[in-house]
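**Q** Structure incoming, see below.
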Amino acid sequence: MSQASPPEEDAAETRPATPTAKPAPVKTEVDPDGEGLGDDFRETGWAMPSEEQALEYRRSVMFEEGKASVCKTSINELSTMGVGVGLHFLLLRTFAITLAICSVLATPHLLMCWYGDGLEKVDYDFTHMIRLTAVNHMKVLSSNSTNTTKYCDPEWHDKRFDDGDLVSYGSDGMLQVDTAFEKGVSCNKWIYDIPILEAFYGTPFVRARHMSYVVGWADILISLTILFATVHMSRTVRQVTQRVNSEHVSVEDYAVYVRGLPADATEEQVRDHFSALYQLTDPDWISEGKCGCIGKKPPRLSEDILDHKADIIGPSLKPVQPSAAKNAREPGMFDGSWVCEVELVRPEGSFIRTFRTKAAGVKSLKLARAKIKMLQAKLASGKPGWFFKSKMTAAEKALEKKDDKLQASTKGLMAHAQDYETVKDTCIAAFVVFNHEESFRRCMTDYNKPQSLLARLFVGVPPPLKFAGEHKLRVEQADKPGNVMWENMETSKNEIVVRQSITGFVAFLLLLATACVVAGLKMEIRTQGERIPTADTCQNDIPYAYDAQKGWVPQFLYKDALDLTSEGLGACPSGTFWLGFDESPDNYRRASWNASCTAPCIEYNAGKDADGLTGEDNMQCEGADGETYKYSRNDVVGCFCLQELTNLGLSTVLDDYEDECTVFGSAYVVIQVFLVVAAGGISVINVL
């Protein structure tokens, strides 16, 4: 047992004032690694870590010592570590191929989403991933018969293309464009502008109808691909499992886990019980049942045992031969038995957990000692003393804490060891390994075969299956030895149910918290979103009300006092600014125009009050087309700010139009912050 490190006040007495080199540690039976990290670790120098030993250990824990080829290693070779390992990589490969094919097939739909214009830049998240969702397919146009898209704007085409051959004019005077699968399509149709198509079809335009055909067939192919992959994987899993099981023998193919044994059961009693039931030389146990038929079981004969070629092999099967059971507690314990190993499960979980805690503490303590030895070696080699001395002080304190913690775990281990003495002979379950697979199969069949209702009522468990004639046993196939957690074997089903209930309740609370966070943030985002007008309001309602819709979407304009004077439009009253369209009639553009719906001079505080943003307070404005449009003065300002945000960016807009776009900018920032907070909060809750 290690002793606590000497306190700081005794350091001067136990260590030299000036560090000097110490002899290197040597390998001994007590210290096979030769690192000198025992209780006398201060008496030897620091052993430089060996890169060769580290690489050797790394190779020892790797599959095929790390020499296996990534491309040439077969699933069957990986299955030597367990059929699940081989199937895991088989599933990964199949899923990767399936997802790669589906990703290629989903490209048309992703292109439709990415190059759609259903969202404004103000709606984008910081990753722009929202552009890959169906919400960005296309703007929802209003029902006005004269409504147009940007593709009807000649200026847009002049900026977009150098070649004017892609556009022409139809008999109705509307622009027509050539698309990938159709020529001379009216600009009012639902059209996508996908640049990559230009390399294949000579035009980037494609009608939504044609893209929907492509996406539809791609979706069908994706569904067929997933269906084929599912069927293929199901068949492959069965084939690989059967092949591996036939080529590789593991102990769980012969072992069962038995519960319901009495506390005083011994290995010999368990061995004799299962060996007598499932010997393969003579006819096995029988049950007369009730009334001659209910629960009746005839004996199984040795001649009934066949191999995979349907040849009789029963008479040739032998019990455990002398000294063949290598894991026997006593020599010859299983000689002549049809059971080759019995391992009783004891209630030793607390002892095992405490022992593992101590083992982890010992490792941590050795690391702390090694760090101190390394710092001492650096000091002795003439490294900067002030730097390493501070590190040495911190390392000494850390070592003292780890030493105290290790001593506490040692005391706990001793206490559990005393408790273990009182229960070390108590049996709570057992692992039973048969000598032949046929015995294992018979055991699993007898203890797990469903009984009829009459057999359960009148016969119950057949007497031969009861341990010592009175204890009902529960038998299941044993798990792989590496999967058995011995410290949890004594956990009862009731305790497991309680733990699962607590875990489920905590998960429910986390989900509820997630729902509340999302709901609250969505409400706030919706509230702030009312300060940001919709694209339809900006591109249709307001332009039509201002009589500025001339076959294309007009641009909102801001004019200062100098612009108004130079253009002879007058001057806006104090506390207002000019906002309108050059396409509007002259009287709409004059500062003196005071119609409530289209007055160009707008107060700086327009929209700062939440009233009037939505609902009945919105203005009812009649456009030049005779239709009635509904919007607020805040929407006019918001549309201008949204336009400038798209063109210039948020910081520039807030700098150039600080007074005009304060309301819009604050709402936009709040929405973006809340979106990030919502995504981050949900991620944190899900991790917890």
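The values are calculated or read from the model by the stated rules, or taken from the named source; none is laboratory data. Here the structure is a predicted model, which is why all the values come from computation and not from measurement. With ideal geometry, Cβ positions are generated from the backbone for all residues, glycine too; neighbour counts draw on all protein chains shown. Only protein heavy atoms, including side chains, enter the accessible area calculation; ligands, DNA and RNA are left aside. Shrake-Rupley method; radii C 1.70, N 1.55, O 1.52, S 1.80 Å.
**Q** Could you pull out the pairs from 358/493; 326/480; 22/371; 449/493; 424/493; 363/411 whose alpha carbons sit more than 25 Å apart here? Present the calculation step by step, with values, prior to reporting the outcome.
**A** Values: 358/493 28 Å; 326/480 19 Å; 22/371 15 Å; 449/493 22 Å; 424/493 22 Å; 363/411 17 Å.
Long pairs (Cα-Cα over 25 Å): 358/493.
**Q** What ³J(HN,Hα) values, in whole Hz, does the Karplus curve 6.51 cos²θ - 1.76 cosθ + 1.60 give for the range 124-130 when θ = phi - 60°, with x put for Gly and Pro?
**A** 6, 7, 5, 9, 6, 5, 5
**Q** Hey, another quick one. For the chain, which whole-number percentage of the solvent-accessible area (1.4 Å probe, protein heavy atoms only) is attributable to carbon and sulfur atoms?
**A** Of all accessible area on the chain, carbon and sulfur atoms account for 57 percent.
**Q** Could you list which residues have their amide H under 5 Å from that of residue 429, counting only those 5 or more apart in sequence or on another chain, with H placed in the peptide plane?
**A** 345
**Q** For Rg/Rh (Cα atoms, Kirkwood Rh), one of (i) 1.15; (ii) 0.99; (iii) 0.96 was computed from the structure I shared and the rest are decoys. Which label?
**A** (i)
**Q** Take peptides 476-482, 539-545 and line them up by average Cβ neighbours within 10 Å, highest first, as a rough protection proxy.
**A** Numbers: 476-482: 12.9, 539-545: 25.0.
Most protected by this proxy first, the peptides run 539-545, 476-482.
**Q** Next up: Ranked from highest to lowest mean number of other Cβ atoms within 10 Å per residue, what is the order of the peptides 236-242, 633-639, 668-674? Mind showing how you got there, number by number?
**A** Details: 236-242: 13.3, 633-639: 25.6, 668-674: 17.3.
Answer by packing, highest mean first, reads 633-639, 668-674, 236-242.
**Q** Still on this model: Quick one: dipole size for the chain, taken about the Cα centre, charges +1 on Lys/Arg Cβ and -1 on Asp/Glu Cβ, in debye to the nearest 20.
**A** Values: 71 positive and 94 negative charges, 601 e Å.
Roughly 2880 debye for the chain.
**Q** Could you compute how much accessible surface residue 486 exposes when probed at 1.4 Å, giving the result in Å² to the nearest 10?
**A** Residue 486 exposes around 80 Å² with every protein chain in place.
**Q** A further question follows. Taking only Cα atoms, what is the 0 to 90° angle, nearest 10, from helix 267-277's long axis to the longest principal axis of the chain?
**A** Value to nearest ten degrees: 80.
**Q** Here is a follow-up. Under the classification rounded if a/c is under 1.5, otherwise prolate if a/b is larger than b/c and oblate if not, where does the range 212-361 fall, given a ≥ b ≥ c as square roots of the Cα gyration tensor eigenvalues? Write out the running numbers ahead of the final one.
**A** On the way: a/c = 2.28, a/b = 1.45, b/c = 1.58.
Oblate.
**Q** While we're looking at this one, here's another question. Rounded to whole Hz and in sequence order, give me ³J(HN,Hα) for the range 485-490 from the Karplus expression 6.51 cos²θ - 1.76 cosθ + 1.60, θ = phi - 60°, writing x for Gly and Pro.
**A** Along the range 485-490, the couplings run 9, 4, 6, 10, 5, 8 Hz.
**Q** To the nearest 10 degrees, how steep is helix 633-648 against the longest Cα principal axis of the chain, on a 0 to 90 scale?
**A** Roughly 70 degrees between the two axes.
**Q** Additional query: Among 474, 271, 526, 369, what's the order by accessible area (1.4 angstrom probe), most exposed first? Let's see the in-between values first.
**A** Details: 474 125, 271 40, 526 145, 369 15 Å².
Ranked list, largest accessible area first: 526, 474, 271, 369.
**Q** So what J values fall out for the range 51-57 if you push phi through Karplus, 6.51 cos²θ - 1.76 cosθ + 1.60 with θ = phi - 60°, rounded to Hz, Gly and Pro as x?
**A** Using θ = phi - 60°, the values come out as 5, 5, 5, 5, 5, 5, 5 Hz.
**Q** Based on the alpha-carbon gyration tensor of the range 390-519 and its eigenvalue square roots a ≥ b ≥ c, which shape applies: rounded if a/c is under 1.5, prolate if not and a/b is larger than b/c, or oblate?
**A** oblate
**Q** When only the heavy atoms of the protein chains count and the probe is 1.4 Å, how do 75, 313 rank by accessible area, highest first? Mind dumping the intermediate values first?
**A** Values: 75 30, 313 50 Å².
Largest to smallest exposure gives the sequence 313, 75.
**Q** Right, here's the next one. Students sometimes get this wrong: rank 273, 471 by accessible area, probe 1.4 Å, all chains present, largest first. Walk me through the numbers on the way to the answer.
**A** Working: 273 25, 471 55 Å².
Sorted by accessible area, descending: 471, 273.
**Q** Give me the dipole magnitude in Debye, nearest 20, for the range 253-381 about the Cα centre, with unit charges on the beta carbon: positive for Lys and Arg, negative for Asp and Glu. Display every interim value, and only then the final one.
**A** Values: 20 positive and 17 negative charges, 367 e Å.
Approximately 1760 debye in magnitude.
**Q** Would you pull out the residues with amide H under 5 Å of residue 471's amide H, same chain only if 5 or more places away, H placed 1.01 Å from N?
**A** Residues meeting the amide H criterion: none.
**Q** Right, another one. List every residue whose amide H lies under 5 Å from the amide H of residue 629, counting only residues 5 or more places away in sequence or on a different chain, with H placed 1.01 Å from N in the peptide plane.
**A** 621, 622, 623
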